[in-house]
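Asks: Below is a structure I'd like to ask you about.
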Amino acid sequence: MRLAIIGGGQLARMLALDGWRLGIHFTFLVEPGENYSCVNGLGDVVELDKNMSADELFKALGKPDVLTVEKEHVDADILNMLADKCRVAPNADAVKVTQHRGREKNFLRSLDIQTAPYQEANSKPSLASSINKMGLPVLVKSSEEGYDGRGQWMLRNDDDLKSFLAEDDLNRDFVIEGLVDFDKECSMIAARSADGDCVFYPLTDNVHKNGILLTSYADTNQSDNALTQSANAIAKSILNKLDYVGVLAIEFFVIGNQLIVNELAPRVHNSGHWSQATDVCSQFENHLRAVFNLPLGDTQPSTHVAMVNLLGVTLDKPNKLASNMQLHEYNKEPRPNRKIGHINIWHESLDELKLQVKNLLEELY
Ligand code: ATP
Ligand code: MG
């Protein structure tokens with residue numbers, strides 16, 4: 001079995017680490033000049049050459065059985081090009097929906113799934129009129145290419161608006177979102193196999209630092225509560241409508257018992273890294289199982305479990321790692337706020353887990 005992955009970052013790395021155990025061979029398709037230190041030694045690396053025909057690309061990738069992605073910002077033409085040569089999972093149309101915030105929100109609305117109030121705009125005049133229609137404060141997001149809070153402008157007052165409208169380069173797609181006064185943010189990792197079977201991990205509570213994910217807690221107490229039921233139903237309707245194969249991540253805002261979808265990611269996701277620990281099948285293995293149409297694995301851990309991101313920092317003394325902690329390093333150069341690894345922690349007691357996470361954060365930051 002051979003899997004080709006578009007991208008050579010940490011998500012590709014962790015897919016490969018789980019895949020080797022399943023006897024899968026890997027090819028990573030990277031952009032010319034892209035740094036792929038994360039996947040060094042884990043498979044073949046091919047640099048994309050835009051002049052290649054479908055046949056040439058398929059051959060260069062080692063005639064994979066499946067082509068998948070580790071990021072949403074990929075050229076969907078590549079997915080289409082190889083669609084009659086191997087399984088492409090998730091499919092190009094699904095990836096296209098999630099690449100563009102406007103298309104994604106319109107898609108969610110078509111399924112009657114709640115989002116933040118929004119307008120679309122693609123020029124300075126349409127931005128000005130949409131923002132005026134929404135009323136300040138608003139969050140303007142570029143429709144394509146943003147991540148970790150980049151490509152976003154918080155406009156709270158007329159001065160913010162004026163300086164935003166003075167920016168160059170406003171002739172592109174944006175969504176303008178009303179601010180959601182949420183109680184908390186959470187996410188769900190779901191997987192759908194080529195046969196249409198679906199599994200759902202527990203909702204995960206997420207805490208961000210400067211717009212970047214810092215910690216996640218799997219909400220293991222709530223596998224049959226109302227919030228989980230409605231998150232599962234939302235995930236199922238999205239997966240089925242997109243004829244989606246693989247792991248999909250859904251980010252939510254929570255207000256009381258109400259779920260508002262913030263965004264979708266057509267891939268394994270940072271908020272699901274905790275699934276590498278405890279007694280579940282990891283999101284990485286379930287993605288592999290889904291795209292190779294193998295039976296999906298367990299998703300409900302029997303202990304409380306959390307993840308702490310290493311944002312430009314690592315443990316001073318890795319030998320201080322407790323026996324209920326699991327360190328993952330991505331083989332990346334540390335830079336401020338760069339995701340260079342994470343630590344999974346599990347404990348039977350939620351209070352003890354929270355204390356250990358707090359102590360770890362104090363040690364790291
Ligand atoms: P990431 O790549 O980390 O998921 P992103 O760049 O794709 O981030 P979003 O997830 O859309 O961007 O937004 C980043 C954060 O900004 C959210 O996690 C949330 O904390 C805040 N945020 C985004 N949209 C809204 C909104 N409409 N109302 C309130 N807060 C918001
Ligand atoms: Mg997000």
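Asks: Hey, could you check region 1-57 for residues that are touching a strand residue (DSSP E or B) at 6+ places or on another chain (Cβ under 6 Å) and assigned to a helix (DSSP H, G or I) and say which is farthest from residue 331 (Cα to Cα)?
Replies: Checked region 1-57; the qualifying residue farthest from residue 331 (Cα to Cα) is 16.
Asks: Might you let me know whether region 170-178 holds any residue that is within 24 Å of the chain's Cα centre (by Cα) and aromatic (Phe, Trp, Tyr)?
Replies: Checking region 170-178: at least one residue is within 24 Å of the chain's Cα centre (by Cα) and aromatic (Phe, Trp, Tyr).
Asks: Could I ask something else about it? Could you check residue 211 against (1) within 16 Å of ligand 1 (Cβ to nearest atom); (2) more than 23 Å from residue 71 (Cβ to Cβ); (3) surrounded by fewer than 24 Cβ atoms within 10 Å (Cβ to Cβ) and say which number it fails?
Replies: The failed condition is (2).
Asks: Right, here's the next one. Where in region 104-217 are the strands (runs of 3 or more DSSP E), entirely inside, with at least 1 residues that are away from ligand 2 (no atom under 16 Å from the Cβ)?
Replies: Hits in region 104-217: 118-121, 138-142, 152-155, 174-178, 184-192, 198-200.
Asks: Within 16 Å of residue 105 (Cβ to Cβ) and either touching a Pro at 6+ places or on another chain (Cβ under 8 Å) or within 13 Å of ligand 1 (Cβ to nearest atom) (or both) - does that describe any residue in region 268-275?
Replies: no
Asks: For the subset of region 247-280 comprising residues that are among the charged types (D, E, K, R) and within 13 Å of ligand 2 (Cβ to nearest atom), which member is surrounded by the most Cβ atoms within 10 Å (Cβ to Cβ)?
Replies: Per the criteria, the residue is 267.
Matching residues to (1) part of a strand (DSSP E or B); (2) surrounded by 12 or more Cβ atoms within 10 Å (Cβ to Cβ); (3) hydrophobic (A, V, I, L, M, F, W, C):
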| site | (1), (2), (3) |
| --- | --- |
| 334 | no, yes, no |
| 337 | no, yes, no |
| 342 | yes, yes, no |
| 346 | yes, yes, yes |
| 352 | no, yes, no |
| 357 | no, yes, yes |
| 360 | no, yes, yes |
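No lab work stands behind these numbers, since they all come straight from the coordinates. Predicted, not measured: the structure shown is a model, and the values here were computed from it. Cβ sites come from the backbone with ideal geometry, for glycine too, and all protein chains shown count toward neighbours.
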